[in-house]
Amino acid sequence: MTTSNLVLVGFMGTGKSTVGKKLAERLGWQFQDSDAVLEDEQQTSIADLFRQYGEVHFRTLESKTLESLLAQRGQIVATGGGAVLAEENRACMLRNGFVVALKASPETIIHRVSADINRPLLQGNLEERVHTLLEQRKSAYDFAHVMIDTTELTTDQIVDLIIQQANL
């Protein structure tokens with residue numbers, strides 16, 4: 001286990017980006033959002049990548065982006081919610097950082113993502129999609145070194161817990 005990077009994983013809406021930015025600020029590390037890096041590299045949105053090429057193509061690009069990001073050090077890396085679905089991604093995260101899984105109640109997630117129309121996996125009935133995806137991914141984050149439920153915590157409380165758990 002290494003703390004050369006902190007990797008935040010979790011379902012969409014659990015606070016990876018919000019917590020990651022605050023954590024980077026507190027530690028003086030660089031914040032990287034793997035989805036934003038991928039969009040920048042591909043010069044298009046994730047929604048467009050899904051629409052034009054499908055999820056399989058997107059997941060391949062996601063793996064390459066993650067591997068490239070985690071080759072660097074001193075970063076907080078917030079991953080896309082589904083990045084943990086590939087075994088190669090989980091192994092890469094564990095090899096190159098301290099992995100923290102953020103989780104939240106379905107109601108909290110629905111509230112947090114309800115205004116975001118740019119989430120391709122949430123097209124259709126939002127509540128139904130969130131519950132279905134959470135069920136499908138219920139064990140997907142178990143590989144992480146630490147799991148933190150963000151439902152009732154402030155961003156500062158979550159950051160404090162991560163720093164404590166990672167011994168930083």
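The values are calculated or read from the model by the stated rules, or taken from the named source; none is laboratory data. Note that the structure is predicted; figures quoted are calculated from it, not measured. Cβ sites come from the backbone with ideal geometry, for glycine too, and all protein chains shown count toward neighbours. For the accessible areas, the whole protein counts, side chains as well, though only heavy atoms, and no ligand, DNA or RNA atoms are used. Shrake-Rupley method; radii C 1.70, N 1.55, O 1.52, S 1.80 Å.
Key figures for this structure:
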item: Environment charge at L8 (Cβ cut-off 10 Å; Lys +1, Arg +1, Asp -1, Glu -1); result: 0
item: For the chain, convex hull volume per residue from C-alpha positions, Å³; result: 105 Å³
item: Helix runs (DSSP H) in the chain reaching 18 Å along axis by Cα, Kyte-Doolittle at least -0.5; result: 55-70
item: Summed side-chain charge close to T18 - residues other than T18 whose Cβ falls under 12 Å, Lys, Arg +1, Asp, Glu -1; result: +1
item: Long-range amide H partners of M147 with built H, under 5 Å; result: A101
item: Carbon + sulfur, % of accessible area of the chain - ligands and nucleic acids excluded, 1.4 Å; result: 46 percent
item: Compactness of region 36-81 as Cα Rg over 2.2 N^0.38 Å, two decimals; result: 1.16
item: Sequence of K16, K22, K64 when ordered by accessible area, the most exposed leading, probe 1.4 angstrom; result: K64, K22, K16
